[in-house]
Amino acid sequence: MSGGALFQESLRVLRGLELPEESERDVLAALEAAQPGPLPLFYEAGAEAGLERDVLTARGVGLFFSFSAGNLADDLIDGDCVYFQEPHRVGPCVQFLLQNLAFATLVEPRAKLPPLALEEGARLLARAAGPQALEVRTREWTEPVFRRVAEGIAGKQWAGYLRILWTGTWLEERAAQVGLALGVAAHIAEDIRSKDARFTSMPSADRLAVVAWGRRATESLRAQDLRCLDAALRRIEPIIPEVES
């Protein structure tokens, strides 16, 4: 099994809903826009944690539906939802559908998720969404504002995913630490790579502080000595030091 297999399973689950053709087509477009996204890491992290195939599949697919709902929300906010002709009319109903489909998939018996784990993971994801309200209102970016937004929309998001994915495994206790560091490092690297105004508009001293924070996050991830993080770190690490030189 692989990230690609998780995507194919998500399509099977979607077809099982027997939605109107137009609705299924809209949801498919949102799923395609979100992939591969976290799918390879969901698979690798679940496999390294020792999850059984059925458990990994249910959790990975459920989390991908959740990620896709969040990705759609972000695209609507940023004006990047180019896969719908009428994004602000079609997008909200697709997002609502995906969020409920995520919940339905994660509570399936084969996911083997205790209610407390699902509650804690979902609460983390809800908290992750909060700082988005700061992001859309911020006109002058500084290091403290950047940190608060990144810790929320990226760090807590990945902490929530791993809290759910790693439940009942030997990696469960590491979920918060790994998720926060992974989300922060990936967020900083992507803002540097894409020259996002969140990063580029900050004063030089603030940018250097954010870079140092990102490097500490990557060092924390390396110290975990997990194979599932290697691919992500190979993408992230070459980007962050470039700004410091």
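The values are calculated or read from the model by the stated rules, or taken from the named source; none is laboratory data. This structure is a prediction, so every number in the text was calculated from the model and none was measured. In this analysis, Cβ positions are derived from the backbone assuming ideal geometry, glycine residues included, and neighbour counts consider all displayed protein chains. Surface accessibility is based on the protein's heavy atoms, side chains included, excluding ligands, DNA and RNA. Shrake-Rupley method; radii C 1.70, N 1.55, O 1.52, S 1.80 Å.
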Scan the range 154-221 for chymotrypsin sites (Phe, Trp or Tyr not before Pro) in coil per DSSP, keeping those whose Cβ has at most 14 other Cβ atoms within 10 Å, and list them by number. Trp170
Any chance you could run the full-extension gain for Arg148 through Ala231? It's 0.36 nm times the residue separation minus the Cα-Cα distance, nm to one decimal. 27.3 nm
What list of ³J(HN,Hα) couplings, whole Hz, do you get for the range 63-80 from phi and the Karplus terms 6.51, -1.76, 1.60, once you set θ to phi - 60° and write x for glycine and proline? 5, 5, 4, 5, 4, 5, 5, x, 5, 5, 4, 5, 5, 5, 5, 8, x, 9
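Quick one: length gained pulling Arg123 to Ala223 fully straight, 0.36 nm per residue minus the C-alpha distance?
Length gained between Arg123 and Ala223: 33.3 nm.
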Leading residue at positive end of dipole, the chain (Cβ point charges), from Cys93, Leu125, Val145: Val145
Relative contact order for the range 1-112, counting Cα pairs under 8 Å that sit 6 or more residues apart, in percent: 33 percent
Can you pull the three principal axis extents for the Cα set of the range 35-180, in Å, largest first? 45, 37, 25
Under a GNM of the chain (C-alpha, springs under 10 Å), which listed residue has the highest mean-square fluctuation: Glu119, Glu140, Glu24? Glu140
So for the chain, taking the charge dipole from beta-carbon charges (+1 Lys/Arg, -1 Asp/Glu), which of Gly4, Ile188, Leu28 sits furthest toward the positive end? Ile188
What FRET efficiency would be calculated for the residue pair Arg139, Ala47, taking the C-beta separation as r and a Förster radius of 41 Å, to the nearest 0.05? 0.40
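How much accessible area per residue does the chain have, counting only protein heavy atoms and a probe of 1.4 Å, in square angstrom?
Values: 12120 Å² over 245 residues.
Heavy-atom accessible area per residue stands at 49 Å².
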Computed from the beta carbon distance with a Förster radius of 22 Å, FRET efficiency for His88 and Glu24 to the nearest 0.05 stands at 0.60
Could you give the dipole magnitude of the range 19-101 about its Cα centre, charging the beta-carbon of Lys and Arg +1 and that of Asp and Glu -1, in debye to the nearest 20? 180 debye
Taking the alpha-carbon centroid of each part, what is the distance from the range 188-245 to the range 124-185 in angstrom? 15 Å
Carbon and sulfur: what percent of the range 85-171's accessible surface (1.4 Å probe)? 58 percent
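If you place +1 on the Cβ of every Lys and Arg and -1 on the Cβ of every Asp and Glu, how big does the dipole about the Cα centre of the chain come out, in debye to the nearest 20? Intermediate values should be presented prior to the final figure.
Details: 27 positive and 35 negative charges, 99 e Å.
Using only the charged Cβ atoms, the result is roughly 480 debye.
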Which residue fluctuates the most in the chain, going by a Gaussian network model with Cα springs under 10 Å, if the choices are Ile192, Ile153, Ile77? Ile77
Would you kindly calculate the mean projected area, averaged across all directions, of the convex hull enclosing the Cα atoms of the range 114-244, in square nanometres? 7.7 nm²
For the range 1-112, build the convex hull from the C-alpha positions and give me its volume per residue in Å³. 87 Å³
